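One structure below.
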Amino acid sequence: MGERVCAVIVTYNRKALLRECLQAVFSQTRPPDHVLVVDNASTDGTPEMLQEEFPQVEVLRLSENQGGAGGFHEGMKRAYELGFDWLWLMDDDTIPRAKALEALLEAARLPLDPRPRVLASRQLLPNGLPHPTTAFVNPTDPRHPLLWLRLRPRYRPIRWALFTSVLLHRSLVEEHGLPHKAFFIWEDDLEYTARALRRGLGLQVRDSEVIHKSASKPYISATTGENRLFYGVRNRIWVLRSPAFGPLGKAFLALQLLFGLLTYLAFHPSRKSLQEIGRALRAGLTTSPC
């Protein structure tokens, strides 16, 4: 019997998107062996829709909204306990194309040393063009230049991946535990996969494509609300304090944070903005996600 895959999908009050996501998951040329939906206490009729339209799906309904971080924590824990070899993670706004999982599993069988244990799909906009955040979602790992040249154009070594169609091997849970719930939203996936890839190998798989129906603008921007600003800043500080990166990686992420904050302040030049940024910085420096 081949290695078994559990798709883990986290959702919160996006019933229509979840339906589209599940339809795409069940239409795969190589379907997952099990589908687990983690419902973050949705109130929009999601449980009823799942029961009526997707009775074959296992639903893990949380008593309260724990954010994406809590949802993936609980979903990965459940899939691991059920004994699955691979965990295919995605949000409800991720619509995988038909060969997405098949291509990821093909990459998992490449005769490489070390074995790739983080395999990510390419992110596309609904019009089929590359998602503007692609370079951030799956950045090239500069530590493997010869491997990059050998594998291109089908595969590219990556330094981290986000939970928008990424295949993780169960051994990562054994070695690194589960994503930290305290992140709530954002950066939990960056911290987790970067920590796993500090001395491991991850690949972006060109033939595995997903439509990511998310906002294409940066999270820390003129369109970002204050709560989201808080999570973006606090969580990035937590990442910078994590063992996931060395000095160069931390310098890059710190500069990216600084640029995002300056952009935010350019559109929101007020004392309130500075106070919110200060609150987030203090939280990031004085608290810990674990």
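Okay, here's what the table says:
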quantity	calculated
Read-out percent of Cα pairs over 35 Å apart, derived from the coordinates shown; its label in (i) 15; (ii) 32; (iii) 19	(i)
Neighbour net charge for Leu62 - beta-carbon separation under 13 angstrom, K R +1, D E -1	+1
Solvent exposure, largest accessible area first (probe 1.4 Å, DNA, RNA and ligands not counted), of Lys99, Lys181	Lys99, Lys181
Relative contact order of segment 137-290, defined on C-alpha pairs under 8 angstrom at six or more residues apart (%)	25 percent
Relative contact order, percent, segment 1-154 [alpha-carbon distance under 8 Å, six or more residues apart]	28 percent
For peptides 236-247, 159-170, sequence by mean Cβ density within 10 Å, most packed first	159-170, 236-247
At R0 = 41 Å, FRET efficiency that the Cβ-Cβ distance of Ala251 and Asp44 yields, to 0.05	0.45
Distant-in-sequence amide H partners of His34 (H built 1.01 Å from N, under 5 Å)	Val5, Ala7
222 nm mean residue ellipticity, helices alone, for the chain (DSSP H n ≥ 4; -39,500 (n - 2.57); rounded to 500)	-13000 deg cm²/dmol
Protection-proxy order for peptides 198-206, 126-134, 68-76, 44-52, each taking the mean of Cβ atoms within 10 Å per residue, highest first	68-76, 198-206, 44-52, 126-134
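The values are calculated or read from the model by the stated rules, or taken from the named source; none is laboratory data. In this text the structure is predicted, and so the values were computed from the model without any measurement. Neighbour counts run over all protein chains shown; Cβ positions are idealised from the backbone, glycine included. Side chains are part of the model used for accessible areas, which takes the heavy atoms of the whole protein and leaves out ligands, DNA and RNA. Shrake-Rupley method; radii C 1.70, N 1.55, O 1.52, S 1.80 Å.
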